[in-house]
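One structure below.
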Amino acid sequence: MKKNFDILIIGAGVVGAAVARELSRYKLRIAVIEKEEDVSFGTSKANSGIIHAGFHSQPGTLKLKLEAEGNRRFDELSAELGFPFERRGELMVAFSDDELQILHKYYQRGVQNGIEGMELLGRERTLELEPNLNPDILGSLHSPTAGIVGPYEYCFALIENAKTNGVEVFLDSKVEKISRRDSCLECVSSKGVSLTGKFVINAAGLFSDEIAKLAGVDGFRIIPRKGEEYLLDRRVGGLVRRVIFPVPSEKSKGLLVIPTVDGPVMVGPTAVDIEDKTDFSTTRSGLEAVFKNAQKMVPAIRATDIITSFVGLRPAATGGDFIIGKTSVKGFINAAGIQSPGLTASPAIAEMIKDILVAEGLELKKKDNFQAVRKAVPKIRPLVEQRDYKMIEKLIAKDKNYSKLVCRCENITEAEIIAAIRSGHSTLDGIKFSARACTGRCQGGFCTSRILDIIHRETGIPIEKISKKGKGSEVLLFKK
Amino acid sequence: MNLKYDIVIIGAGPAGLAAAVSLKRSGIEKILVIDRESFAGGILNQCIHNGFGIHKFKEELTGPEYAERYLDLSNQADVELLLSACVIDIISSGKEKEVIVLSEEQGLLRISCKAVVLAMGCREKNRGNIAIPGSRPAGILTAGFAQKMVNLHGYMPGREIVILGSGDIGLIMARRMSLEGAKVKAVIEIQTHPGGLNRNIVQCLQDFDIPLYLSHTISEIKGGRRISSVEVSPVVDRSFPDRNRSFHLDCDTLLLSVGLIPENELSIKAGIVLDNVTRGPVVDANLMTSVEGVFACGNVLHVHDIVDWVSEEAEFCGYRVARYIKGDIQKLREIPVRTGKMLSYTLPSKVEAGKPATLSLRTIAPLENVFLCVYTEKHFLYKKKFRKIFPSIMQRIPIKEVPADAQYLETFIES
């Protein structure tokens, strides 16, 4: 198959998705090419889900600038696209006089960067805001504009909306060759599909250095920085309201206690530079470090409350900062090395890419029929929690599948699972991340067989071919 | 839709059905048993091996046969079942209860009733709960899920299998997978003793030459999209893996049989106080939870090793619920039950003065040549010698009559 586009975006993580959605406002033919079976399946899905305030990075970096700009965009984005986002705020906590000094430095940096509402708090006020913090804390830096987001929901919402506005998405397609075709670049994927575009945006995350090399662009390398995270039981969900940070180290923002938009608390991530881009293994030492640090800040946290763990690999570029801009190859534009605060910065990165394209001669004409709003699938869980039975009855009256509870831990109905499948997810992980089924306490022990049946019924994929996250990860190997 | 019953029983497995039958026998007519599956009988339906009913029916039945016995009894007693329906909330205001249900056929139901019996059973611990280090590939399943897929749906999870944990489901699945032609490479158990019943060690492992590694654990899971091998290490100090002495087993599937937890989502939501050890509700002598009019029995109360005791406990529960409804639960003095040395728990937490009682308990470790004792501050009530006693086997102790003047009861092990 051959197809021509104006813009090819390699990578359907938050960066590629944000760029696709932003450019879908204009009269352009756009394609997103993703090597995984579903969008967000690389670094984005293993994200902490924090929208940072905008004071963590070094002055003068793209990171610092785009972090602050990105943060400001999330209210509007969340309202338009219907993904969960809450400005909960973050607290950086200090245990010593030295650490208090460092808090002051971050405070000044934030103020200089135009971050609103930041304040240095003493011990009592800190404990008033977060009563479950260690009473030995001396003080904290409070940034109320920080928020939490459903990272994969955000990514799915961007892609869905981009698709609504005409963007084509090619999944399970690894770009293996990039070559020049007249004024265009041609990307050939593992499936033999050839896509050409006037511009190629390299948003390939962990593999952005390899994609750059395919295009003949050199000059940076991606070093995977492993982060282990541990999700705790919903039962201990109310421990903190805000994101709790220690005073950061050189390499990372430290090991955090993170409330999630879905309720449960997450702890992590570690930060260890590794070689292997496919090493998603958790370690005993990682677990110990995470809990030691989390318990220092919030003593009530227990490792026995873990319901699941995962690893994300941050695509850290040599040089440290984001690499965004045109390259020696005309039409090939990097959005590489987007590690933390990449999620926060993603809307601003999309804007920046748009500006670069314009500077490179792309003509932008607004679409008349751009649809900014994506209607989120109604969820039954919040209604069950609020005991809003009238509303549940209304949903059932519209769609009987809302009366079929599939995932009991998280209260997910068949209607929500069917919606996820119909919006393009056909792996168990895809359903898990889009509809939240199997994310609770039993981790799919009860509902997996029903979800397999629904996927089979909706897509016709034989049960033994349904996978966790793509070919080679089938849940059941064969029919007896 | 609004409905009205005397009693709602949540769960139509062995506990729920047995409770329903004894309620009917006690003359309570308006009862409803709710189950989320489209069939009654619960997990018994996927347990196609035999060994059920030896105590209750004096014969060896398969799981579905055992379930059928109780289904027949409940049909004879005209028990009303609501299947494919999931309870999402229990709301209590004093003696009035309301059970909120999502029914696939009837939509949202609000059922008012006078009492609720929790009989939701238990669930399996999974990989997350035990935080095994390593990658996160496909091919890691709980033993019970694998059992369901093999026995009820006809799909095999894999061909080369390692089982972590020697609980009964793990042992049963070792045999099941072998019979289906898979190669079961090993069963790995972190404790010094098997987690399951001895008869299952013999019939499911030894008869199939499947090695059992005691005091070992899986220290790392390897594999990309699918599991390719596990690293097995001996443990020191009970839980710490000694990776210098580790070895690898190649496999395409890892089954987990690492413990069961009472399924108490609803109980927590209903504000019921749970016990830290059993992880089920704290109950009094009538098996009533901390919320008046809400009772619990079977595996949702504490995990049993054989279904016969589940039925027995649930029948007792049914009779007590009937008495509660009729208003003739005498307000007898309740005497607290303490759990003494070498025991992990005793249930119930209170017994009635002057009445018979049955105590359920487990030891914290395998012990040899010990006495299991129950006493009050004054008298010995029970003393039995055990040549061997295992935590995997729940002990049920009948007390003929709890002394009317006792201040407390204590269970303990004496060497």
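The values are calculated or read from the model by the stated rules, or taken from the named source; none is laboratory data. None of these values were measured; they are calculated from a predicted model. Cβ placement follows ideal geometry from the backbone for every residue including glycine, while neighbour counts extend to all protein chains displayed.
Brief remarks on what is shown
- Residue count for segment B:88-111 satisfying the condition of being more than 10 Å from every other protein chain (Cβ to nearest Cβ) and outside any strand (DSSP E or B): 2.
- Against the list (1) surrounded by fewer than 21 Cβ atoms within 10 Å (Cβ to Cβ); (2) touching a Pro at 6+ places or on another chain (Cβ under 8 Å), the condition A:LEU256 fails is (1).
- Failed condition for A:ALA300, given (1) under 30 Å from B:ARG279 (Cα atoms); (2) of a type in the set (Gly, Ala, Ser); (3) in a helix (DSSP H, G or I): (3)
- Residues in segment A:179-205 that are crowded, with 23+ Cβ neighbours inside 10 Å and among the aliphatic types (A, V, I, L, M): 5 in all.
- Segment B:148-178, residues that are surrounded by 24 or more Cβ atoms within 10 Å (Cβ to Cβ), assigned to a helix (DSSP H, G or I) and within 12 Å of chain A (Cβ to nearest Cβ): B:ILE169, B:MET177
- Scanning segment A:445-480 for residues that are more than 7 Å from chain B (Cβ to nearest Cβ), assigned to a loop (DSSP other than H, G, I, E, B) and without any contact (Cβ under 8 Å) to a residue 24 or more places away in the chain turns up A:GLY460, A:PRO462.
- Residues that are surrounded by fewer than 21 Cβ atoms within 10 Å (Cβ to Cβ) and not in a helix (DSSP H, G or I) within segment A:400-425 comprise A:SER423, A:GLY424, listed in sequence order.
- Residue in segment B:332-341 that is charged (D, E, K, R) and touching a helix residue (DSSP H, G or I) at 6+ places or on another chain (Cβ under 8 Å) present: no
- Scanning segment B:272-281 for residues that are crowded, with 22+ Cβ neighbours inside 10 Å and either over 23 Å from B:THR142 (Cα atoms) or touching a helix residue (DSSP H, G or I) at 6+ places or on another chain (Cβ under 8 Å) (or both) turns up at least one hit.
- Residue match in segment B:123-138 (condition: under 20 Å from A:THR308 (Cα atoms), facing chain A (nearest Cβ under 7 Å) and among the hydrophobic types (A, V, I, L, M, F, W, C)): yes
- Subset of segment A:228-255 [part of a strand (DSSP E or B) and within 14 Å of chain B (Cβ to nearest Cβ)]: A:GLU228, A:GLU229, A:TYR230, A:LEU231, A:LEU232
- Of the residues A:THR308, A:THR304, the single one that is within 20 Å of A:GLU228 (Cα to Cα), outside the structural domain of A:TYR154 (by TED's automatic domain parsing), of a type in the set (S, T, N, Q) and buried (at least 19 other Cβ atoms within 10 Å of the Cβ) is A:THR308.
- Within segment A:264-299, considering residues that are of a type in the set (Gly, Ala, Ser) and under 16 Å from A:ASN47 (Cα atoms), the one farthest from the other protein chains (Cβ to nearest Cβ): A:ALA271
- Total residues in segment B:1-28, condition touching a helix residue (DSSP H, G or I) at 6+ places or on another chain (Cβ under 9 Å), surrounded by fewer than 24 Cβ atoms within 10 Å (Cβ to Cβ) and not aliphatic (A, V, I, L, M): 6
- Note on segment A:159-224: enclosed strands (runs of 3 or more DSSP E) holding 1 or more residues that are of a type in the set (Asp, Glu) are A:168-170, A:175-181, A:184-189.
- All positions within segment B:241-275 that are assigned to a loop (DSSP other than H, G, I, E, B), under 15 Å from the mean Cα position of the chain (by Cα) and within 14 Å of chain A (Cβ to nearest Cβ): B:SER257, B:VAL258, B:GLY259, B:GLU263, B:ASN264
- Residues (touching a residue at least 40 places away in the same chain (Cβ under 8 Å) and touching an Asp or Glu at 6+ places or on another chain (Cβ under 8 Å)) located in segment A:307-329: A:ILE307, A:SER309, A:PHE310, A:VAL311, A:GLY312, A:LEU313, A:ALA316, A:ALA317
- All strands (runs of 3 or more DSSP E) inside segment A:1-114 with 1 or more residues being within 30 Å of A:ASN134 (Cβ to Cβ): A:90-94
- Being over 16 Å from B:ILE88 (Cβ atoms), modelled with pLDDT of 95 or more and among the polar types (S, T, N, Q) is a property that does not hold for A:THR413.
- Counting only residues that are aromatic (Phe, Trp, Tyr) and not in a helix (DSSP H, G or I), segment B:192-238 holds 1 of them.
- From the options B:SER26, B:SER74, residue that is touching a residue at least 24 places away in the same chain (Cβ under 8 Å), under 26 Å from A:LYS404 (Cβ atoms) and over 20 Å from the mean Cα position of the chain (by Cα): B:SER74
- Applying the criterion of being basic (Lys, Arg) and within 23 Å of A:GLU153 (Cβ to Cβ) to the residues of segment A:339-375, the residue that is modelled with the highest pLDDT is A:ARG374.
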